[in-house]
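Read-outs: derived from the displayed coordinates by stated rules, not from any lab. This is a predicted model, so every value here is computed, not measured. For neighbour counting, all protein chains shown are included, and Cβ atoms are generated from backbone atoms with ideal geometry for every residue, glycine included.
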Amino acid sequence: MILDAIYEFSLAEMAPPRTDEYEEALSRFRQAVDTLKQGLTSEQKEQLEAVLSSKNVLFSLEAAEQFKLAFSAGIQLERETREASQKFDYE
């Protein structure tokens, strides 16, 4: 689908937010994972990594879908705006 290609081209997955709020949340998340890992066996750590990996896949799929929906809405808005402006074209 064309929206998939546009999303891949936009490299949205490789451009995380660059805000203080994001950096703080990321830091807290990493600290929580590190703290959790300290009390786990090697097998449990592997299981945790598998869970985190699955979460990353889900978030990626969700982000791609949100991008497609927002892009489609933007195209629809542009189309409706153009149609409305043509109704008022007095030339």
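Observations on the structure shown:
- Here the extension length gained between residue 30 and residue 87 equals 15.0 nm, from 0.36 nm per residue of separation less the Cα-Cα distance.
- Chymotrypsin sites (Phe, Trp or Tyr not before Pro) lying in DSSP loop within the stretch 39-91, provided at most 10 other Cβ fall within 10 Å: 88, 90
- Hits among lysines - C-alpha to C-alpha of residue 55 under 24 Å, sequence gap 8 or more where chains match: 37, 45, 68
- Residue 65 versus residue 79: modelled label distance in nm, points set 7 Å from Cα along the beta carbon direction: 2.2 nm
- Inter-label distance for residue 19 and residue 37, nm, one decimal - labels placed 7 Å from Cα along Cα-to-Cβ: 2.8 nm
- Packing-based order for 79-86, 42-49, using average beta carbon neighbours within 10 Å, highest first: 42-49, 79-86
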